[in-house]
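Structure record follows, encoded as structure tokens.
The values are calculated or read from the model by the stated rules, or taken from the named source; none is laboratory data. Keep in mind that this is a model prediction, so the values were computed, not measured. All Cβ positions, even for glycine, are placed from backbone atoms using ideal geometry, and neighbour counts span all protein chains on display. Quick note on the areas: whole protein, heavy atoms, side chains included, nothing else; ligands and nucleic acids left out. Shrake-Rupley method; radii C 1.70, N 1.55, O 1.52, S 1.80 Å.
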Amino acid sequence: MSSNKNMAYEFNFDGLVGPTHNYAGLSLGNVASTSNANLVARPKEAAKQGLQKMKALHDLGLKQGVIAPMERPDVATLRRLGFTGTDAQVIIKAAKQAPKVLAACSSASSMWTANACTMAPSSDTADEKVHFTPANLANKFHRSIEHETTGRILQAMFKDENHFVHHPALPMGDHFGDEGAANHTRFVDVNSEKGYGKKGLHFFVYGKYAFDASKPAPHKFPARQTFEASQAVARLHMLDSDNVVFAQQSPNVIDKGVFHNDVISVGNGNVLFAHQKAFLNQMQVYTDLERAFDGEEFHVVEVGANDVSVEDAVKSYLFNSQLVTLPDGNMAIIAPGECESVPAVKEYLDWLVEQDTPIKEVKIFDVKQSMQNGGGPACLRQRIVLNETEVSAMNQNVIMNDDLFATLNAWVEKHYRDTLTEDDLADPSLLNESRMALDELTKILNLGSVYPFQQV
Ligand SMILES: N=C(N)NCCC[C@H](NC(=O)CCC(=O)O)C(=O)O
């Protein structure tokens, strides 16, 4: 009968950094993005840093995959905005008349695949299928243009309709702002014989209520996820309401630069690793989670504000670390290098691994090109839980292995520029370079014609 009787694994699907990676200061509320605008970007280095992390986790025995980037510059969107002529003329006109719009249509922001979608594994859904909802990313224009292509890429990765259900993104607009898995965590008792395949607990974190202005909300920076959007995703994924907990992000931390929950908390298995100030009514949130969790015990590893300030959490991206269960059953933190350069955070981590918690070690990765735009290790990955039947039903070419790692590194070496500035976005040849690279990539990953330029 259903395939979810067998072992299930949690894959990390990292976003491949695209050829137009650049710092355009597009994300109000994301401190790194606004403070690093106009830095010279290093696309080739950025893509290789991402590939290194994917390979390292693969080598640790974890399941790893890759999600292709978007077609950038997004000429189709520029045409919708009235730019006409050949593709080259569209780019040149946009560069002259609206350079910021061109920058927003050229962002490689899809690399942060924590925002690509929200998924629910077949162990948790009423129809026992795997559900995907691409995030509409409505709050930021440069991200709001991702979901259609993201949806096509996900469908090319998970094609078999017997196992995979693909929903359209929620309706565009502020009321249903949805930032995907950055604001969603699935807890599960991994000690059962099904691994990640036991029925899990879905934790949705939102920044405001869109249909009730009397509720608390941030004042300085935008709340990118609404309660109503989170509820809609839970409904679409046919989750059992007993296995869903909703919590509001503290407006204070959003106003300090916590623009997604994965900047202030991260969960894995039966562990929530969170900052003391992360949520409104934080004690009630813990109670709700402990009560709903189906397993021996639910661990909260809370980092006190006196040990690590919210400011230091945002500077170091301590909570944008990945929290993984290694094959030996111990948990490891996959942290960005910045965690070593913020003294309070380094001190805390050195202390943490000596404590009696499931988190036994810290592994540091250099993802600086991504970090400078407000994306850390956890932003760069989408967690997808699949049982053995679903793994064999999916597109095998997107699963990381030594050959794919070598192929993708050679592909980056061949197609990517060493540096990119905002002025370079006005160069029409960048469009052709990107399209050539992506055309080749769709063959490497066996995606078919997922890009607008391939649909003519
Ligand atoms: N936390 C998670 N899950 N994702 C991080 C996303 C960072 C991204 N930065 C940007 O889009 C900056 C682009 C620029 O300014 O060039 C954002 O704000 O959406």
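Looking only at the range 127-162, count how many residues are over 19 Å from residue 74 (Cβ atoms) and out of contact with any strand residue (DSSP E or B) (no Cβ under 8 Å at 6 or more places or on another chain).
5
I'd like the residue in the range 29-61 that is near the ligand (Cβ under 9 Å from one of its atoms) and in contact (Cβ under 8 Å) with a residue 40 or more places away in the chain and, out of all such residues, is surrounded by the fewest Cβ atoms within 10 Å (Cβ to Cβ).
Applying the filter and picking the extreme gives 36.
Are there any pairs, at least 6 apart or on different chains, whose C-beta atoms fall under 7 Å, with the first in the range 248-259 and hydroxyl-bearing (Ser, Thr, Tyr) and the second not in a loop (DSSP other than H, G, I, E, B), and if so, which?
Listed pairs, sorted by first residue: 250/279.
For residues in the range 247-262 being crowded, with 24+ Cβ neighbours inside 10 Å and assigned to a strand (DSSP E or B), which is farthest from the ligand (Cβ to nearest atom)?
247
For residue 398, indicate whether it is farther than 22 Å from residue 331 by Cα, open to solvent by less than 50 Å² (accessible area, probe 1.4 Å) and either out of contact with any Pro (no Cβ under 8 Å at 6 or more places or on another chain) or among the aromatic types (Phe, Trp, Tyr) (or both).
Considered against the rule, which asks whether it is farther than 22 Å from residue 331 by Cα, open to solvent by less than 50 Å² (accessible area, probe 1.4 Å) and either out of contact with any Pro (no Cβ under 8 Å at 6 or more places or on another chain) or among the aromatic types (Phe, Trp, Tyr) (or both), residue 398 comes out as yes.
Residue by residue through the range 145-186, note down the ones that are of a type outside the set (Gly, Ala, Ser), assigned to a loop (DSSP other than H, G, I, E, B) and surrounded by fewer than 19 Cβ atoms within 10 Å (Cβ to Cβ).
Once the filter is applied, which keeps residues that are of a type outside the set (Gly, Ala, Ser), assigned to a loop (DSSP other than H, G, I, E, B) and surrounded by fewer than 19 Cβ atoms within 10 Å (Cβ to Cβ), the range 145-186 yields 159, 160, 161, 162, 167, 168, 171, 172.
Do you know which of the residues in the range 350-384 that are among the basic types (Lys, Arg) and touching a residue at least 40 places away in the same chain (Cβ under 8 Å) is least open to solvent (accessible area, probe 1.4 Å)?
The selected residue is 381.
Sort out for me the helices (runs of 4 or more DSSP H) sitting completely within the range 16-96 that have 2 or more residues that are farther than 30 Å from residue 363 by Cβ.
75-80
Here is a check on your reading of the model: is residue 347 over 24 Å from residue 63 (Cα atoms), open to solvent by 60 Å² or more (accessible area, probe 1.4 Å) and in contact with a strand residue (DSSP E or B) (Cβ under 7 Å, 6 or more places away or on another chain)?
On the way: over 24 Å from residue 63 (Cα atoms): yes; open to solvent by 60 Å² or more (accessible area, probe 1.4 Å): yes; in contact with a strand residue (DSSP E or B) (Cβ under 7 Å, 6 or more places away or on another chain): no.
No.
In the range 413-456, how many are in contact with a Phe, Trp or Tyr (Cβ under 9 Å, 6 or more places away or on another chain), among the polar types (S, T, N, Q) and either assigned to a loop (DSSP other than H, G, I, E, B) or surrounded by fewer than 16 Cβ atoms within 10 Å (Cβ to Cβ) (or both)?
So the answer is 1.
Look through the range 91-144, keep the residues that are β-branched (Val, Ile, Thr) and buried (at least 24 other Cβ atoms within 10 Å of the Cβ), and return whichever of them is farthest from the ligand (Cβ to nearest atom).
Here the residue is 130.
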